[in-house]
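A.B. asks: Quick one: structure below, then a few questions.
The values are calculated or read from the model by the stated rules, or taken from the named source; none is laboratory data. Quantities reported herein were computed from a predicted structural model and do not represent experimental measurements. Note: ideal-geometry Cβ built from the backbone for every residue, glycine included; neighbour counts use all protein chains shown.
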Amino acid sequence: MITIDVTMFIQIVNILVLIGLMNIVLYRPIRSVLAERKKVVVGLNKDIESFHKNAGMRLEEFDFKIAEARITAKGNIDTARATAQNAVDEKISGVRREVEADKADKLVQVARDQAATAAELKGQVEEFAREMATKVLGRAV
């Protein structure tokens, strides 16, 4: 059985002294290390959040700059395409003018040649008619 005497009080005091010593020697350092670790973890979490926020802002800025560059590039391409089309149109119209002028000159030359040939043939019609009549009739006309 349990007897209540002086040794029980000594054991209670002994346990209380051991609890106090363990608190001083073991529990306080562990709690201080845990508190310090918690501060570090909280600080790192804040850093992580700020890095994520910064990365998000940089990504948005990058997307904005990419969109802006695409718009600028599209404008440059459209301008270059329009300039090239205008140059092509000018060359084509220049060539058409040259062709039309050359065509008009050739038509005038053909008309002159036709008139000259017609005049020459009119002069030779009587001679050709006589030669044909001679060949057809078999005698000189």
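A.B. asks: Can you name the condition, by its number, that ALA104 falls short on among (1) touching a helix residue (DSSP H, G or I) at 6+ places or on another chain (Cβ under 6 Å); (2) assigned to a helix (DSSP H, G or I)?
C.D. replies: Checking ALA104 against (1) touching a helix residue (DSSP H, G or I) at 6+ places or on another chain (Cβ under 6 Å); (2) assigned to a helix (DSSP H, G or I), the one that fails is (1).
Table: residues versus (1) out of contact with any strand residue (DSSP E or B) (no Cβ under 8 Å at 6 or more places or on another chain); (2) at pLDDT below 95; (3) among the aromatic types (Phe, Trp, Tyr).
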residue: PHE64; (1), (2), (3): yes, no, yes
residue: LYS74; (1), (2), (3): yes, no, no
residue: ALA80; (1), (2), (3): yes, no, no
residue: LYS91; (1), (2), (3): yes, no, no
residue: ALA116; (1), (2), (3): yes, yes, no
residue: VAL125; (1), (2), (3): yes, yes, no
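A.B. asks: Moving on to the next point. Only one of LYS91, LYS74 is over 22 Å from the mean Cα position of the chain (by Cα), of a type in the set (Lys, Arg) and assigned to a helix (DSSP H, G or I); which?
C.D. replies: LYS91
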